[in-house]
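To keep things clear, I will list the structure first and then write my remarks on it.
Values quoted throughout were computed directly from the atomic coordinates according to the rules given, and no laboratory measurement underlies them. Everything numeric here is computed off the predicted structure, so don't read it as measured data. Backbone-built Cβ (ideal geometry, glycine too); neighbour counts: all protein chains shown.
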Number of protein chains: 2
Amino acid sequence: MSDTAFTVVERHACCGGELRFLSHQSCELGLPARVNLFLPEKALAGEAVPAIYVLAGLTCNQDTFLIKSNAVRYAARHGLALIAPDTSPRGAGVAGEDDAYYLGTGAGYYLDATAPSWAQHYRMGSYLRKELPSLMEEYFPLCRQKRGIMGHSMGGMGALAIGLSAPQTWTTISAFAPIATPSQSDWGQAVTQNYFGGDVAEWAKYDPSLLLKAGKTHPGTLLVDQGMQDEFLEKLRPDLLENAAKEAGQSLTLRRHEGYDHSYWFVQSFIQDHIQHHAAGLQ
Amino acid sequence: MSDTAFTVVERHACCGGELRFLSHQSCELGLPARVNLFLPEKALAGEAVPAIYVLAGLTCNQDTFLIKSNAVRYAARHGLALIAPDTSPRGAGVAGEDDAYYLGTGAGYYLDATAPSWAQHYRMGSYLRKELPSLMEEYFPLCRQKRGIMGHSMGGMGALAIGLSAPQTWTTISAFAPIATPSQSDWGQAVTQNYFGGDVAEWAKYDPSLLLKAGKTHPGTLLVDQGMQDEFLEKLRPDLLENAAKEAGQSLTLRRHEGYDHSYWFVQSFIQDHIQHHAAGLQ
């Protein structure tokens, strides 16, 4: 095990394992990138373990999910690694990238932009689907091509889209309050106009409901939790995901929780079920 | 149950209970103050439950411990409330209060200042020992005069000092990496010179090791966890706490953890044992 592709910015013992806050130069993003890794005890002893990629939502960064979700303790219990990437490139220098919380910095949507001004650096899609897993599996004791993926909000959208697009490598998928049909949301329209230069057809690769409609299914069950007092419920449209899954024959467990909102207080309330879902599929 | 003394700033469902982020006018501090409350499910149904006060460290606020410690899920499981106060008055306007991380804003040390410039507002001691519990027990379904108290670093010092000073109302005590002998630390010297106007004798009320030496003991066991790679170990001096407890006949479980540092990644690694310790003593 070498970690020369990565610089260790911080290390912290946690729950019998270790957190490593890493930075590296991303080829896809053309920029330095941050990513946080949790290795459970047996990975520290050199044994390859499966990893769950955890994707955060708008305005967040590589720290947010690990700090706020309570995921580490359950990953430690099940002997799983966690990999928490950032939510966008940082410092791309695109005009307007810091003007709105739903576009640009902190809002990469785990997709590749095609519009000229954004296309050079806003490539979180290829970064997450190819570069990052390949690097992580090369330099750390992680099982190859056997990964879980989960996320919250924009990250839930990313987890569903990435997992449905390549079910052979993304073994288990779950999401909290995902943007389930981004092509039809306000946020998605900003993406279309900016990252895609108006080409709505690009959404075919990234919209979970559209992927399902196009027959992109996963052999496992998608686990999705949704708070019914979520302040963004009308932008998230879990009902459309449910319909698309039904039509596609995709197994989906969609749990609606009365009283819960969009926050990580909601995420932490059900995180143990998600880690258990991934542990069952990955081991 | 009325909560008219408090303004609810935010509410979030969490782990079957509810978080309430509150503000109120503090008489002791002479300023508005923030405090966060977690009520477990049965308290929402009106049943009085015991509360654990959770005190954060330097630079933190009323959110930090709840966000980073993973305490809520275990409080929910054991049917306990959590009460997370701020770490200092805010906006007192004392000259120099924002100049150093270890003095002034974010650094109230859960004590009453005596030096003229600080004494008006820097009264976190009386706020925590008297005003806040009294208000909380008046307005929320909490058991009266039956409380747990825990904290981290400066908050661990506060928890030990407050609990040892009034064992009849503070039923259970625990601490993570407490400033165990503040009168002998660099941080404590800044307190002495500023909050106490040079009067080192004031520490008799607030230094856990000095309180033990003066015979202030608690009928329960103090649970203290300490990381051995804690970057502040030489300021914390758990060894002096251990000696003072031994001499005083105070039951103390001091656990030293190799590899763990001062962060909340350490706190969250052992939080379940602390909540269990309080649950056992409070129920």
Residue check for B:Y101: surrounded by fewer than 21 Cβ atoms within 10 Å (Cβ to Cβ) and within 12 Å of B:C60 (Cα to Cα): yes
Some residue of the stretch A:243-264 being free of Cβ contacts under 8 Å to residues at least 12 places away in the same chain and under 15 Å from A:H152 (Cα atoms): yes
Residue within the stretch A:199-214 that is aromatic (F, W, Y), over 14 Å from A:Q250 (Cβ atoms), touching a residue at least 12 places away in the same chain (Cβ under 8 Å) and touching a strand residue (DSSP E or B) at 6+ places or on another chain (Cβ under 8 Å) present: no
Members of the stretch A:74-84 found to be out of contact with any Leu (no Cβ under 6 Å at 6 or more places or on another chain) and surrounded by 20 or more Cβ atoms within 10 Å (Cβ to Cβ), listed by number: A:Y74, A:A76, A:L80, A:L82
In the stretch B:218-227, the residues that are part of a loop (DSSP other than H, G, I, E, B) and either within 18 Å of B:G151 (Cα to Cα) or among the basic types (K, R) (or both): B:H218, B:G220, B:T221
Residue satisfying condition, being buried (at least 16 other Cβ atoms within 10 Å of the Cβ) and within 14 Å of chain A (Cβ to nearest Cβ), within set B:G220, B:G227: B:G227
Any hit, the stretch A:185-193, residues being within 14 Å of another protein chain (Cβ to nearest Cβ) and either surrounded by fewer than 21 Cβ atoms within 10 Å (Cβ to Cβ) or of a type in the set (S, T, N, Q) (or both): no
Condition broken by B:E234, with the remaining ones in (1) surrounded by fewer than 17 Cβ atoms within 10 Å (Cβ to Cβ); (2) within 14 Å of chain A (Cβ to nearest Cβ); (3) not small (G, A, S) satisfied: (2)
Hits in the stretch B:9-34 - residues which are facing chain A (nearest Cβ under 9 Å) and touching a residue at least 24 places away in the same chain (Cβ under 8 Å): B:C14, B:C15, B:G16, B:E18, B:L19
Condition check for B:L240: surrounded by 16 or more Cβ atoms within 10 Å (Cβ to Cβ), closer than 28 Å to A:A76 by Cβ, away from chain A (no Cβ under 14 Å) and out of contact with any Asp or Glu (no Cβ under 8 Å at 6 or more places or on another chain): no
Tally, over the stretch A:85-98, of residues that are surrounded by fewer than 19 Cβ atoms within 10 Å (Cβ to Cβ) and not charged (D, E, K, R): 4
The stretch B:252-283 - residue that is more than 14 Å from every other protein chain (Cβ to nearest Cβ) and in contact with a Gly (Cβ under 7 Å, 6 or more places away or on another chain) and, of those, nearest to A:E10 (Cα to Cα): B:H278
Residue list for the stretch A:108-134, filter: among the hydroxyl-bearing types (S, T, Y), closer than 11 Å to A:L29 by Cα and surrounded by fewer than 23 Cβ atoms within 10 Å (Cβ to Cβ): A:S126
Residue in the stretch A:28-35 that is under 25 Å from B:D273 (Cβ atoms) and among the charged types (D, E, K, R) present: no
Criterion violated by A:H152 - all others in (1) of a type outside the set (D, E, K, R); (2) surrounded by 21 or more Cβ atoms within 10 Å (Cβ to Cβ); (3) over 13 Å from the mean Cα position of the chain (by Cα) satisfied: (3)
Index of the failed condition, B:A45 passing every other in (1) more than 30 Å from A:H12 (Cα to Cα); (2) in contact (Cβ under 8 Å) with a residue 40 or more places away in the chain; (3) within 14 Å of chain A (Cβ to nearest Cβ): (2)
Residues located in the stretch A:243-283, provided they are of a type in the set (D, E) and under 18 Å from the mean Cα position of the chain (by Cα): A:D273
Selected residue [within 19 Å of B:W170 (Cβ to Cβ) and either under 18 Å from the mean Cα position of the chain (by Cα) or not in a loop (DSSP other than H, G, I, E, B) (or both)] from B:L240, B:L210: B:L210
